[in-house]
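Report on one structure; see the data block that follows.
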């Protein structure tokens, strides 16, 4: 027997009153089903609780990594430069120059921001080896390699084609200096081989490259640098 306060619907009214029945069920109310005035059943709401949304995962800042700032006090690395603001990060995957990694290890927050803002971080094998070369012991080497692996870096091999492109970049850089393409008094009179290989690798794979020293502002705007 249905309660007087309970909503009812006859079998013949199911189609015409479907919306009304659906609303009652959504409110958690039962609906008595009648046939010739007699209750033949009860339509009950689905009591399965909705799925709880998984809490969003907070990506930890790279500055919380033990690598950040571990070389902050190393005076022997001053020839790499202590920092500055650095370049801006591209809004797409990019290659990361070894100097950016070094600045991160020296505790430069701008370098950390660059790495955090780069969606897909690509490095060359030589870039990683250059940073490892500066490690003072096996422990530091393992810490750096662990950071590279856990921070979603993709490591690219330097191929023969990349080497040929790097050689062309070195000569283009030299030609620009001798022709007055940019400031001749700049302390870097040539393009270092490692940087040429990193830029060539980015160019070969169709990516821009984040370099700490921005050659784009020295007459090299057609290069894939950020």
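The values are calculated or read from the model by the stated rules, or taken from the named source; none is laboratory data. If you're wondering where the values come from, they're calculated on a predicted model, not measured in any experiment. Every residue, glycine as well, gets a Cβ built from its backbone with ideal geometry; the counts of neighbours run over all protein chains shown.
If you check 124, 163, 159 for being assigned by TED's automatic domain parsing to the domain that holds residue 95, within 22 Å of residue 197 (Cα to Cα) and touching a strand residue (DSSP E or B) at 6+ places or on another chain (Cβ under 6 Å), only one passes: 124.
Grab the helices (runs of 4 or more DSSP H) fully contained in the range 72-172, keeping just those with 2 or more residues being at pLDDT 90 or above.
In the range 72-172, the matching helices (runs of 4 or more DSSP H) lie at 98-105, 125-133, 138-150.
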